[in-house]
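Take a look at the structure below.
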Amino acid sequence: MEIVVEHLNAPPFDKNLLLFDLDMMGGEQLLQLLGEVLCHIDDRLEMQSVAGGPEAYGEAAAAFLVKALRFRVPDPGALAAQLQEGSKVAVFG
């Protein structure tokens, strides 16, 4: 997680986070943070974040990770559900 904090503290994010801060974030905060990072890669995800809430955004983020970034996951549906909950395993896994 240290490398994640290092990158979040650098441009373009400039979050000024400590490792402790990241570890203490709740599910909704983690989903929002993931959303900021993914929107930096593909701004179309921001539209889905605003339009559909956590459920739609979790599905869109999972689809983006699997298709565009070619993440290999055994069950994309489970990943979407975990992202909707802001699961630390899904966000940092």
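Among the residues of the range 63-84, those identified as crowded, with 16+ Cβ neighbours inside 10 Å and under 14 Å from residue 34 (Cβ atoms) are 64, 65, 79, 80, 82, 83, 84.
When the range 1-43 is filtered for residues that are open to solvent by 100 Å² or more (accessible area, probe 1.4 Å), acidic (Asp, Glu) and touching a residue at least 12 places away in the same chain (Cβ under 8 Å), the ones remaining, listed by number, are 2, 28. Residues that are under 10 Å from residue 85 (Cα atoms) and of a type in the set (Asp, Glu) within the range 18-38 comprise just one, 28.
The values are calculated or read from the model by the stated rules, or taken from the named source; none is laboratory data. Quantities reported herein were computed from a predicted structural model and do not represent experimental measurements. Cβ: placed from backbone, ideal geometry, glycine included. Neighbour counts: every protein chain shown. Areas reflect the complete protein model, heavy atoms only, side chains present, ligands, DNA and RNA absent. Shrake-Rupley method; radii C 1.70, N 1.55, O 1.52, S 1.80 Å.
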